[in-house]
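Novice: Here you go, one structure.
The values are calculated or read from the model by the stated rules, or taken from the named source; none is laboratory data. Only a predicted model underlies this, so the values are computations on that prediction, with no experimental measurement involved. Note that we place each Cβ from the backbone using ideal geometry, even for glycine, and neighbour counts take in every protein chain shown.
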Amino acid sequence: MTMAKVLLIDDESGFLEVLSKRLETRNLSIVTALSGEAGLKALGKDHALDVVILDVKMPGLDGIQTLQMIKKDFPLVEVIMLTGHATVETAIEGMKLGAFDYLMKPCDIDLLVQKVQEAKEKKAKHEEKIVQAQLKEITSRMA
């Protein structure tokens, strides 16, 4: 399986630095952003991104608002919500809005890597279905 390309969005630069180093040692390609706005710009520039790990509590666009915009503009990108201030309501709202999963900070790094791989597989399956549907449409026009 190819390496997952992950975008980390969190307003705490120290946390971003530590987490990105820990994920890179586990063979993930990491891009970081310090805000929801910067994360959306990164997604617009890099169409190879598979999974977003998104902090819930941020100034400016919070995690829920950022999730809504990601799902609207980049519907195939899977999003894992991370928070140190877990509220069940936010978790439920995030899942309703299409988050792949929801983890507490600090989270177990191996569990996070596992979730990233599962999210990448889900995205790959969606992309494959789209390609198959497009091929079917093309071949039906030729028949």
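Novice: Output yes when any residue across segment 40-57 is aliphatic (A, V, I, L, M) and over 14 Å from the mean Cα position of the chain (by Cα), and no when none is.
Specialist: No, segment 40-57 contains no residue that is aliphatic (A, V, I, L, M) and over 14 Å from the mean Cα position of the chain (by Cα).
Novice: If you don't mind, there's one more thing I want to ask. Just to be sure I understand the filter: pairs with C-beta atoms under 8 Å, separated by 6 or more residues or on different chains, first member in segment 98-122 and closer than 12 Å to LEU23 by Cβ, second member surrounded by fewer than 17 Cβ atoms within 10 Å (Cβ to Cβ) and of a type in the set (A, V, I, L, M, F, W, C). Which pairs pass?
Specialist: Correct list of pairs: GLN117/MET1.
Novice: While we're on this one: Name every residue in segment 86-112 that is of a type in the set (A, V, I, L, M, F, W, C) and under 17 Å from GLN68 (Cβ atoms), in order of residue number.
Specialist: Of everything in segment 86-112, those that are of a type in the set (A, V, I, L, M, F, W, C) and under 17 Å from GLN68 (Cβ atoms) turn out to be ALA91, ILE92, MET95, LEU97, ALA99, PHE100.
Novice: Going by what's in this entry, would LYS115 be described as buried (at least 16 other Cβ atoms within 10 Å of the Cβ) and assigned to a helix (DSSP H, G or I)?
Specialist: yes
Novice: I want to confirm something. Restricting to segment 81-112 and keeping residues that are aliphatic (A, V, I, L, M) and buried (at least 18 other Cβ atoms within 10 Å of the Cβ), which single residue is nearest to GLU12 (Cα to Cα)?
Specialist: Among them, the one singled out is LEU82.
Novice: Next up: ASP46: out of contact with any Phe, Trp or Tyr (no Cβ under 9 Å at 6 or more places or on another chain) and touching a residue at least 60 places away in the same chain (Cβ under 8 Å), yes or no?
Specialist: no
Novice: Going by the structure shown, is SER29 polar (S, T, N, Q) and either loosely packed, with under 14 Cβ neighbours inside 10 Å or in contact with a Pro (Cβ under 9 Å, 6 or more places away or on another chain) (or both)?
Specialist: Here the answer is no, as SER29 does not meet what is asked.
Novice: In segment 55-80, how many are over 20 Å from MET3 (Cβ atoms), surrounded by 22 or more Cβ atoms within 10 Å (Cβ to Cβ) and either at pLDDT 95 or above or of a type in the set (Ser, Thr, Tyr) (or both)?
Specialist: Count: 3.
Novice: Can you pull out every residue in segment 64-97 that is in a helix (DSSP H, G or I) and in contact (Cβ under 8 Å) with a residue 24 or more places away in the chain?
Specialist: Once the filter is applied, which keeps residues that are in a helix (DSSP H, G or I) and in contact (Cβ under 8 Å) with a residue 24 or more places away in the chain, segment 64-97 yields ILE64, GLN65, THR66, LEU67, GLN68, MET69, ILE70, LYS71, ASP73, THR90, GLU93, GLY94.
Novice: I need the full set of residues from segment 13-54 which are part of a helix (DSSP H, G or I) and closer than 19 Å to ILE109 by Cα, in order please.
Specialist: SER13, GLY14, PHE15, LEU16, GLU17, VAL18, LEU19, SER20, LYS21, ARG22, LEU23, GLU24
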